[in-house]
Amino acid sequence: MDTEKALEKIMEAKFDDFIPEIDPKERVGFRYPLADELLETSSEETNQILDSLANEGLLIRFPFDKLMACPKCKSFNPRVSTSCPHCGHTNMTRGRVLDHMLCGYVGPESEFISSEGYTCPKCRRALKLIGADYRSPGLMYKCESCSKVSLSPKETFICFECMHRSSLEELSEIPVLGYRLSSAARTSTRSISVPKMKLVDWLKSRGYQVSVPGRVIGKSNVKHRVDILAEKYSKGGFLADRIFIDFYIAERESSTDPVLSLFAKGMDTEISRLLLIVVPKLSKNTSLFAKMYNIEVYEGSTLEEAIVKIFAQAPDASKWLLGR
Ligand SMILES: [Zn+2]
Ligand SMILES: [Zn+2]
Ligand SMILES: [Zn+2]
């Protein structure tokens, strides 16, 4: 799907924001369900479309969330694993810790347990009253390898895809972006769709059947797409007139591509007229090309202006009333 068509659909849907949804099944880790549905594209294609619309300034990216990925393979599968901050061993036992204040020994509760209740494994004295001669600082981790006790273990992330180990700081932060329409998109699309619809209505009022966009299968069996297809049928149901209309919004330099493309579509199909509506105008050479190929060109600084020229030409141009 081209970005222009996508933008049209987005504008028609009058949506607010495209919010990403975390989806570990996706290669990138998230997708845009609303956009997938609207554009009828795979989430990978949706990402490309949203990205290029944003590059064109038609959508605005905004930070929504972030994902932590393996720095080596970029998968979203790093799982936290704890290890001893002293020796790195992963075999740590978590338990309640007791602190014998009289001798200063700190150790897991299990070491204090004896047949007579709590007994300090260091000084062998019995523990009497919590808060008086001993206390419990909470949970601690005891390393089964070096026997050292630590308040918190060291957190390491192990990637379940490639088994790479990294610290929290080493994990890759992948920004998850939301998208919303830019004001440029609103103005640009409005400035396209309103005059376009005017032209469509005008053609309809003249008895044409109009498709936007139009699709015609050519003699070569190639399916051609035109921005507007206007057809008129005779009473007997025969095709009496067919007009192909393409729009060309020339950004910087006008190219011959739209002229050649329209000409090719015309060559391959039974048509009466080829119209190219150009903003702002074709180069001199391209204009010559268009003339050579029998393409009628309507130019204007805006689409509205170009289209009005078609209307203006109509009263004295009986060819608009070809439908016999
Ligand atoms: Zn990995
Ligand atoms: Zn003690
Ligand atoms: Zn250790």
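Points to keep in mind about this one:
- In sequence order, calculated HN-Hα J values of region 22-35 (Karplus, 6.51, -1.76, 1.60; Hz; x Gly/Pro): 5, 9, x, 6, 7, 4, 8, x, 7, 8, 10, x, 5, 5
- Helix-only CD estimate at 222 nm, as mean residue ellipticity for the chain, using -39500 (n - 2.57) per DSSP H run (n ≥ 4): -8500 deg cm²/dmol
- Distant-in-sequence amide H partners of residue 283 (H built 1.01 Å from N, under 5 Å): 254
- Choice from 112, 18, 62 with maximal GNM fluctuation in the chain (Cα, 10 Å cutoff): 112
- Volume in Å³ per residue [convex hull over Cα atoms, computed for region 186-321]: 112 Å³
- On the principal axes of its alpha carbon atoms, the chain extends 115, 41, 35 Å, with the longest extent given first.
- Here residue 25 is the anchor, and the lysines within straight C-alpha reach of less than 23 Å, apart from those fewer than 8 places off in the same chain, are 66, 72, 74.
- Region 77-203: projected area of the alpha-carbon convex hull, averaged over directions, in nm²: 16.6 nm²
- When peptides 286-292, 262-268, 30-36 are ranked by their average number of other Cβ atoms within 10 Å per residue, the highest-first order is 30-36, 262-268, 286-292.
- Neighbour counting of Cβ atoms within 10 Å sorts the residues 298, 293, fewest neighbours leading, into 293, 298.
- Partner lysines whose Cα lies under 22 Å from the Cα of residue 198, excluding those fewer than 8 positions away in the same chain, are identified as 5, 9, 14, 232, 281, 309, 319.
- When you restrict to C-alpha pairs under 8 Å that are six or more residues apart and normalise by the size of the chain, the relative contact order lands at 14 percent.
- For residue 214, distant residues with modelled amide H under 5 Å away: 226, 227, 228, 229
- Total formal charge among the other residues, if their Cβ is under 12 angstrom from that of residue 149, Lys/Arg +1 and Asp/Glu -1: 0
- Kirkwood radius for region 85-152, taken over all pairs of different Cα atoms as the inverse mean of 1/r, rounds to 12.3 Å.
- Straight-line reach from residue 219: taking Cα to Cα under 19 Å and skipping same-chain neighbours fewer than 8 places apart, the lysines in range are 265.
- Amide H within-cut-off set for residue 240, under 5 Å, with H built and near neighbours excluded: 232, 233, 234
Readers should treat all values here as calculations from the given coordinates under stated rules, not as data from a laboratory. The structure displayed is predicted, hence computed values, not measured ones. Neighbour counts are summed over all protein chains in view; Cβ atoms, including those assigned to glycine, are modelled from backbone coordinates with ideal geometry.
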